[in-house]
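The values are calculated or read from the model by the stated rules, or taken from the named source; none is laboratory data. Given the structure is predicted, the values throughout are model-derived calculations rather than measurements. A quick note on method: Cβ atoms are made from the backbone with ideal geometry, for glycine too, and the neighbour counts reach across all protein chains shown.
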């Protein structure tokens, strides 16, 4: 998996648990982008500590996500070289 875009509030757990489990199960962890209405500084820090590269606060503009997807693409291209 190259990129994970996940909400933090999930019906059967949370996005923080999700990325941690994916990182533990993979030799190539995904570039994680959290998205959430949780907008406290501590929520953003928790996302980064869990393994996400970014924490987008909803609502966000599509252009904000585009920038992060371009970053993920560049990072994956560098890793393949």
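Here are the numbers for the structure shown:
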read-out	value
Qualifying residue in segment 4-12 (condition: assigned to a helix (DSSP H, G or I) and touching a strand residue (DSSP E or B) at 6+ places or on another chain (Cβ under 6 Å))	no
Segment 45-69: number of residues that are under 10 Å from the mean Cα position of the chain (by Cα), assigned to a helix (DSSP H, G or I) and either crowded, with 16+ Cβ neighbours inside 10 Å or at pLDDT below 95 (or both)	3
Options 4, 22, 10, 56: the member that is under 19 Å from residue 79 (Cα atoms) and touching a helix residue (DSSP H, G or I) at 6+ places or on another chain (Cβ under 8 Å)	4
Residue satisfying all of: in segment 18-44; assigned to a helix (DSSP H, G or I) and over 12 Å from the mean Cα position of the chain (by Cα); surrounded by the most Cβ atoms within 10 Å (Cβ to Cβ) among these	43
